[in-house]
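Just so you know, all these numbers are worked out from the coordinates, no wet-lab data involved. Predicted model, so just to flag it, every value in this text is computed and none were measured. Counting neighbours? That spans all protein chains shown, and the Cβs are built from the backbone with ideal geometry, glycine included.
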Protein chains: 2
Amino acid sequence: MEKQNNKITSRNIDFAKWYTDVVRAANLADYTSVKGCIAIEPNGYAIWEKMQEILDKEFKKLGHVNCQMPLLIPENLLNKEKDLVEGFAPEVAWVTIGGQKELEEKLCIRPTSETLFCDYYKNHVKSHRDLPKLYNQWCNVLRWEKETRPFLRSREFLWQEGHTIHATAEEAKKETDQMLEVYYNFFNDVLAIPSIKGRKTEKEKFAGAEYTLTNEALMYNGVALQSSTSHYFGQKFSSAYDVKFTSIENKEEYVYQTSWGTTTRMIGALIMVHSDDYGLVLPPRIAPKQVVIVPIGNNDEVINLSNKINKELLENNITSYIDNTDKSPGFKFAEAEVNGIPVRIEIGARDLEQNKITFARRDTREKMIENKDINIVDYVSNLLETIQKDMYERALKRRNELTFEAHNMSDIENILNTQPGFIHAMWCGDEACELKIKEIKGCKSRCITEEPPIDTKCVCCGKEAKHHVIWGIQY
Amino acid sequence: MEKQNNKITSRNIDFAKWYTDVVRAANLADYTSVKGCIAIEPNGYAIWEKMQEILDKEFKKLGHVNCQMPLLIPENLLNKEKDLVEGFAPEVAWVTIGGQKELEEKLCIRPTSETLFCDYYKNHVKSHRDLPKLYNQWCNVLRWEKETRPFLRSREFLWQEGHTIHATAEEAKKETDQMLEVYYNFFNDVLAIPSIKGRKTEKEKFAGAEYTLTNEALMYNGVALQSSTSHYFGQKFSSAYDVKFTSIENKEEYVYQTSWGTTTRMIGALIMVHSDDYGLVLPPRIAPKQVVIVPIGNNDEVINLSNKINKELLENNITSYIDNTDKSPGFKFAEAEVNGIPVRIEIGARDLEQNKITFARRDTREKMIENKDINIVDYVSNLLETIQKDMYERALKRRNELTFEAHNMSDIENILNTQPGFIHAMWCGDEACELKIKEIKGCKSRCITEEPPIDTKCVCCGKEAKHHVIWGIQY
């Protein structure tokens, strides 16, 4: 099905509509007959595969191994840790019939797998020599969300969940920090999305965690997105699920645990940070296809040069392809644009008469006419790196423009009435103040940052401030 | 947890017990608190990752792309194709509660995804220009099996399912053949499992298929395993789900469809074909780790040479690692054996005094003492290829020994009373005869083969034979 980019609503007119238009126009995902669940189409799934490839390599470098726990959790197993149950029970789906029979015990579809990992570890850890266990799984999970939006929030989504257990609190805390750092670097260096590291407040932390670390990103419209989290559980789960080991000192102790994850929502972040009214814009490091070559006309020289350049780029690990469908050049240009191919090379007979070929950047839509005898591999490599860097810088500039300071409640109101964004403000640590701030357009604490204080008093109650918090409206 | 291979029951004493002992001893999978569902442990999952990597590359070479459809299927969608419903309804699990509310329509967990792909394609195909669509997904599926066995048959399993649609029957049939060939080559060349290609009988074909092609393998104990299938649907699903396109002749037509899949049961096949009383034996091309280096003692020369060899092997794409845990050499040898590492290199101070190092093959448990100055990369590469080839030859020899001919019913009975295996016998094509043969120890038609006839009459009724069929007892 051919897509026209002129079907995309302008980002500045209706951001929500623009977002779903881009998702559809770039064939990333579509709605299905299953309410709240999307079909991830090949263009979208290829981005996910690239994300998996890069992150999986990082995880493995740090000693993690992959495994696969069951999809289903028996009710009694889920119920063992009370915070987790309270946090997740409202949003799980239950299997009650299997093989045409009512089940004796209902089974929920995993919303997250702490319970299953604990249940497994319990039988596989005896001594400190069995520790640490650094397991991860790539899988689907399900949460019965009421309002959904492709990639950002859907009932079923794909993710990875790391679950590690350790002999000491110190080691587990180090793991929690380390994995947040892996995500942080992935967002900044690969997705070109400037990310803020911080700790969630008690109210916003993961159900059952001692603390939750988070990466927070800001979308083009100033709405925040929690983009990855890393949790330290201490011994909360291991005591509930009885995961014990014999320490070096020959004492029986509960293991110290972490979990960390990120999801297909990263695809949503890529769209909302980088894309424009012409469709998807992808940073070169995450683009499944980095270069498209469009031959213009059927001239032998055009075809031969297209093939030659394509071959050279592929040999140098630049993912290139030739669009030799029977569509018109203009249509091919528009299609490459809507699909977010970072670089387009146009090779035409008339240009070649003057020894010229044309390069087009997707991010800026700029065209560069170059001599056909330049070193193409060097030129394209540099161009891809420049695009990657420029995309990050533009996203950072946008975030900085949408980052504000508030010293009292009317500051917050004024900011949110004009243009939402990241709001820096001091906080006393009292949940009552957090709730009062939330009354202003649902503004929530994104994270507690380690940045220096900007005031001495709580933005809400005026009492002594304990934390420098970044606030915002969230997806 | 340290494992001892002496806990493995002998294969010749109790094959079923031996199998589960190997699964546990090699830490491939374990039972869970979820009945009929296993946890695939890192050692097992690494094999699956390797299978995915190799097959996925083959699929993509042939133009297939990956996507992801929902986990859940609404009841009315499943019900649209009557053969599929009849085939799968008895073995699905139903979600009836979501977000603490009874659902208006129950949703089944996908046992296979023809319905979802059809529902998607229906909205995404208009013209012959949109065809073919060559989609595949890697995912989990669920079938409410009564008797389960790790990898071979479990309620939840991992697989890939390709679903393609085409403008002509001819093209779809070609795809069906081609994908069977991909599996066939994968079994023979990568898994070192000799495989037989054929067509399922009407009775044994996939619910809803026009015909089903299959690869059948024979386990060490003579029991058959259906190891991958490729289905031709014609227009059966596309007419039920209304997937239409406008042909070149501008006529509206239903698309022609295929599906093809293979699962984590391949890990079970690897065990049952190749492994022995010492644990897992893996063909080098599928082994996640091909070489283990065991330094004996703390001598500098030993350590340096171990590091040097490890580095050289890794640089030449041989997946090698050094076992420098504090276990005893004997324990390390046993552990590498139980885990099926194809080649072990032992480097000890005493041997080095005589310029010797020792190589051990996992498959034959043979030891070779070589001069330490040989070209290690060449030597190990050759050894791995020899092991791969020898493993295939041994499996083929075993299969040939367990392949029989039957010309009447008592032949079948005699064979199955002595030693099950593949039984070649002619068949009239009548299901009544198929059912009579099944009465003998559950012996089923594995596939119709293109091999020349071995008789003129049906093995059962004595009437004119139509097909040369391979029969066997199955997992």
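Which far-off residues, 5 or more places away or on another chain, put their amide H under 5 Å from the one on B:L103, with H placed in the peptide plane?
Excluding prolines and chain starts, which carry no amide H, the hits are B:I97, B:G98.
Roughly how many whole Å is it from the C-alpha centroid of segment B:75-132 to that of segment A:36-75?
Centre-to-centre distance over Cα atoms comes out at 23 Å.
Looking at A:S328, B:T262, B:L107, which one has the Cα that reaches farthest to the positive end of the dipole of the protein assembly as shown (charges on Cβ: Lys, Arg +1; Asp, Glu -1)?
B:L107
Tell me the distances, shortest first, between A:E451 and the same position across the other copies, using label points 7 Å along Cα→Cβ, in nm to one decimal.
7.4
Relative to the Cα centre, what is the charge dipole magnitude of chain A, using +1 at the beta carbon of each Lys and Arg, -1 at the beta carbon of each Asp and Glu, and rounding to the nearest 20 debye? Could the numbers behind the result be given before it?
On the way: 62 positive and 71 negative charges, 85 e Å.
So the magnitude is around 400 debye.
In this model, which of A:K50/B:K106; A:K327/B:K133; B:K203/B:K457; A:K244/B:K146; A:K50/A:K203; A:K50/B:K308 are farther than 25 Å apart at the alpha-carbon? Provide the component values of the computation, followed by the final result.
Working: A:K50/B:K106 35 Å; A:K327/B:K133 18 Å; B:K203/B:K457 20 Å; A:K244/B:K146 33 Å; A:K50/A:K203 34 Å; A:K50/B:K308 33 Å.
In this structure, A:K50/B:K106; A:K244/B:K146; A:K50/A:K203; A:K50/B:K308 lie more than 25 Å apart at Cα.
For label points placed 7 Å from Cα toward Cβ, what is the shortest-first list of nm distances from B:E253 to its copies?
7.1
Note down the nm distance, to one decimal, between modelled labels 7 Å out along Cα→Cβ at A:D177 and at B:N408.
The answer from the label model is 8.2 nm.
Fewest to most neighbouring Cβ within 10 Å: what's the order for A:Y19, A:Y379?
A:Y379, A:Y19
Quick check: the angle from helix A:329-338's long axis to the longest principal axis of chain A, C-alpha only, nearest 10 degrees?
Helix A:329-338 and the main axis of chain A meet at about 10 degrees.
Taking the DSSP beta bridges in chain B as the whole, what percent of them are antiparallel, to the nearest 5? Spell out each step's value before the answer.
On the way: 71 of 87 bridges.
Roughly 80 percent of the DSSP beta bridges within chain B come out antiparallel.
If the cut-off is 12 Å between C-alpha atoms, which aspartates and glutamates fall inside it for B:K101, apart from same-chain ones fewer than 8 positions away?
Of all the aspartates and glutamates, those that pass the test against B:K101 - Cα under 12 Å, at least 8 places apart if same chain - are A:E91.
How many nm is it between the label spots at A:N307 and A:I369, if each spot is 7 Å from the Cα in line with the beta carbon?
Once both label points are built, they end up 2.8 nm from each other.
Given an 8 Å cut-off on Cα distances and at least 6 residues of separation, report the relative contact order of chain A as a percent. Before the final figure, lay out the partial values.
Details: 960 pairs, mean separation 66.0, N = 475.
So the answer I get is 14 percent.
Calculated FRET efficiency, B:K82 and B:E451, Cβ-Cβ r, R0 41 Å, to nearest 0.05? Display every interim value, and only then the final one.
Working: r = 35 Å, r/R0 = 0.84.
With R0 = 41 Å, the Cβ-Cβ based efficiency is 0.75.
Using the Cα gyration tensor of chain A, with a ≥ b ≥ c the square roots of its eigenvalues, what is the shape: rounded (a/c below 1.5), prolate (a/b larger than b/c) or oblate (neither)?
Numbers: a/c = 1.96, a/b = 1.54, b/c = 1.27.
Prolate shape, in that a/c is at least 1.5 and a/b is the bigger ratio.
When only C-alpha pairs under 8 Å and at least 6 residues apart count, what is the relative contact order of segment B:365-471, in percent? Before the final figure, lay out the partial values.
Details: 134 pairs, mean separation 27.1, N = 107.
Averaging sequence separation for qualifying contacts and normalising by length gives 25 percent for segment B:365-471.
Treat the count of other C-beta atoms within 10 Å as a stand-in for reagent exposure and order B:S239, A:S410, A:S381 from fewest to most.
Details: B:S239 14, A:S410 11, A:S381 17.
By the 10 Å Cβ count, ascending, the order reads A:S410, B:S239, A:S381.
So, with +1 on the Cβ of K and R and -1 on the Cβ of D and E, and no other charges, what is the size of the charge dipole of the protein assembly as shown about its Cα centre, to the nearest 20 debye? Each step should come with its number before you reach the end.
Numbers: 124 positive and 142 negative charges, 146 e Å.
Roughly 700 debye, rounded to the nearest 20.
Looking at segment A:362-431, which GluC sites (Glu not before Pro) are DSSP coil and have at most 15 other C-beta atoms within 10 Å of their C-beta?
Numbers: sites: A:E366, A:E370, A:E385, A:E393, A:E401, A:E405, A:E413, A:E431; in loops: A:E366.
Here the GluC sites (Glu not before Pro) that fit, given the DSSP loop and packing criteria, are A:E366.
If R₀ is 30 angstrom, what is the calculated FRET efficiency for the pair A:E170 and A:E431, using the beta carbon separation as r and rounding to 0.05?
Computed FRET efficiency for A:E170 and A:E431 comes out at 0.55.
List, shortest first and in nm to one decimal, how far the label point of A:K126 (7 Å from Cα along Cα→Cβ) is from its counterparts in the other copies.
6.6
Quickly estimate the mean residue ellipticity at 222 nm for chain B, helices only: each DSSP H run with n ≥ 4 gives -39500 (n - 2.57), and the total goes over all residues, rounded to 500.
Values: 14 runs with 160 residues, N = 475.
Estimated from H runs of four or more residues: -10500 deg cm²/dmol.
Please say if segment A:291-383 is rounded, prolate or oblate, where rounded means a/c under 1.5 for a ≥ b ≥ c the square roots of the C-alpha gyration tensor eigenvalues, and otherwise the choice is prolate for a/b larger than b/c and oblate otherwise?
Working: a/c = 1.27, a/b = 1.02, b/c = 1.24.
Because its axes are fairly even, with a/c under 1.5, segment A:291-383 counts as rounded.
Among B:I440, B:A425, B:P453, which residue has its Cα positioned farthest towards the positive end of the charge dipole of segment B:419-460, with +1 placed on the Cβ of Lys and Arg, -1 on the Cβ of Asp and Glu, and the dipole taken about the Cα centre?
Farthest along the dipole direction, towards plus: B:I440.
With a/c under 1.5 counting as rounded, go ahead and sort segment A:35-274 into rounded, prolate or oblate using the C-alpha gyration tensor (a ≥ b ≥ c being the square roots of the eigenvalues; past the cut-off, prolate if a/b is larger than b/c, else oblate). Walk me through the numbers on the way to the answer.
On the way: a/c = 1.77, a/b = 1.19, b/c = 1.49.
Because a/c hits 1.5 or more and a/b fails to exceed b/c, segment A:35-274 counts as oblate.
With label points built 7 Å along Cα→Cβ from the Cα atoms of B:A349 and A:K35, find their separation and express it in nm.
Here the modelled spin labels are 7.3 nm apart.
Can you say what percent of the DSSP beta bridges in segment A:329-441, counting only those with both residues inside, are antiparallel? Round to 5. Please report the intermediate quantities before stating the final value.
Details: 9 of 12 bridges.
Antiparallel: roughly 75 percent of the beta bridges in segment A:329-441.
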